[in-house]
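The values are calculated or read from the model by the stated rules, or taken from the named source; none is laboratory data. Since the structure is predicted, the reported quantities are computational estimates derived from the model, not experimental observations. Backbone-built Cβ (ideal geometry, glycine too); neighbour counts: all protein chains shown. Keep in mind that these areas ignore ligands, DNA and RNA; they rest on the heavy atoms of the full protein, side chains included. Shrake-Rupley method; radii C 1.70, N 1.55, O 1.52, S 1.80 Å.
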Amino acid sequence: MNDIVSRLNSYYHALLLMLPRIGVAIIVMVAGILIANWITTLLRKRISKKSHDQLMSSFLAKTIKLIFFVVIFLLTLNILGLNSISKAIFATAGASAILLGFAFKDIAENFLAGIILAFNRPFNVNDTVKIEDVFGKVLTMEFRYTKIATFDGRSVYIPNSDVLTKPVFNYTEDGFFRTDFVLGIAYENDTNEAKRIIQECLDAHKELVHDKQHANFVVEDEVAPSTVNLKIFIWVNTEDFRRNMLEIRGRVMTETKTALESKGFNLPAEITELKFYDASSPIKIENKENGASDN
């Protein structure tokens, strides 16, 4: 019993001696966290102003904050006189690095890929991209994944290693996108005149892109069973890719269709031709008005 009391007394006195260090350690930790948050916020704004790159500034700010937190944690341990613990942490981390590397191989790959993508990547925030079957807008890039919002309202988290190693289609990097649609006219209509009318509509449409590098044009595409199909190619701006492209495409389609119809062009529906090759069995056709029948 006396041993227990003496031990408790020794722990109590040791705690009293440690209280100043504990207080200083708490102050250092709180102040360090506040300073780290302030510095990373300031750096994020500075980097964002200079590079105009939200993804890189955000990623670098998170990396710097993580480094600050590690330094603050180690400094707190030193203040508490727990240098042996910090050394043990580094020793354990070094000894288990190989094992952790195998165990968390995917995490390490995604983290390294995130660092590479922070400085060299094929997209920015709000760019419309397609990575494999995922098609949508880039929202953010974290240490392990890139977050993309699809146009049907889903959030997809793609590992950074996939973003780095797989083809990325960026639809908004240069601000222009080409789309197309088909209009079918009747065989008896003048194809060249139809092309001229459609081209006039394209040249007069203010929402389309009009420059030497991005030409809007129409060509013969197919001789279909009941129509001669004309394919219209148009260029649009891609600031608001999905809605903007679809709406402009719809308006151009309506205008060209209306223009052709107003000039007397026929836009026939698909015609199905029935052929009967067995001449020995004629089809009987009845005329309901006079009751006569023909073979």
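Looking across the range 174-233, the residues that are in contact (Cβ under 8 Å) with a residue 60 or more places away in the chain, over 35 Å from the mean Cα position of the chain (by Cα) and open to solvent by 50 Å² or more (accessible area, probe 1.4 Å) come down to Glu188, Glu193. The set of residues in the range 42-73 that are at pLDDT 75 or above and open to solvent by less than 70 Å² (accessible area, probe 1.4 Å) comprises Leu42, Ile64, Lys65, Phe68, Ile72.
What number of residues within the range 144-202 are in a loop (DSSP other than H, G, I, E, B), over 30 Å from Pro268 (Cβ atoms) and hydrophobic (A, V, I, L, M, F, W, C)?
First pass over the range 144-202, keeping only residues in a loop (DSSP other than H, G, I, E, B): 144, 151-154, 166-167, 171-175, 186-190.
Next, from what is left, pick out any that are over 30 Å from Pro268 (Cβ atoms): 144, 151-154, 166-167, 171-175.
Still in the running and hydrophobic (A, V, I, L, M, F, W, C): 151.
Matching residues across the range 144-202 total 1.
Quick check on the range 121-133. Is at least one of its residues part of a strand (DSSP E or B) and open to solvent by 20 Å² or more (accessible area, probe 1.4 Å)? Yes - at least one qualifying residue is present in the range 121-133.
I'd like the full set of residues that are acidic (Asp, Glu) and modelled with pLDDT under 90, limited to the range 173-187. Before the answer, list the steps.
Within the range 173-187, the subset acidic (Asp, Glu) is 173-174, 180.
Across the range 173-187, the qualifying residues are Glu173, Asp174.
The single condition among (1) over 21 Å from Phe176 (Cα atoms); (2) at pLDDT below 85 that Lys147 does not satisfy is (2).
When Leu139 is tested against (1) in contact with a strand residue (DSSP E or B) (Cβ under 6 Å, 6 or more places away or on another chain); (2) open to solvent by 40 Å² or more (accessible area, probe 1.4 Å); (3) within 30 Å of Leu260 (Cβ to Cβ), only condition (3) is not met. Selection of the range 234-277 for residues being under 30 Å from Phe123 (Cα atoms), open to solvent by 40 Å² or more (accessible area, probe 1.4 Å), assigned to a helix (DSSP H, G or I) and in contact with a Leu (Cβ under 8 Å, 6 or more places away or on another chain) yields an empty set.
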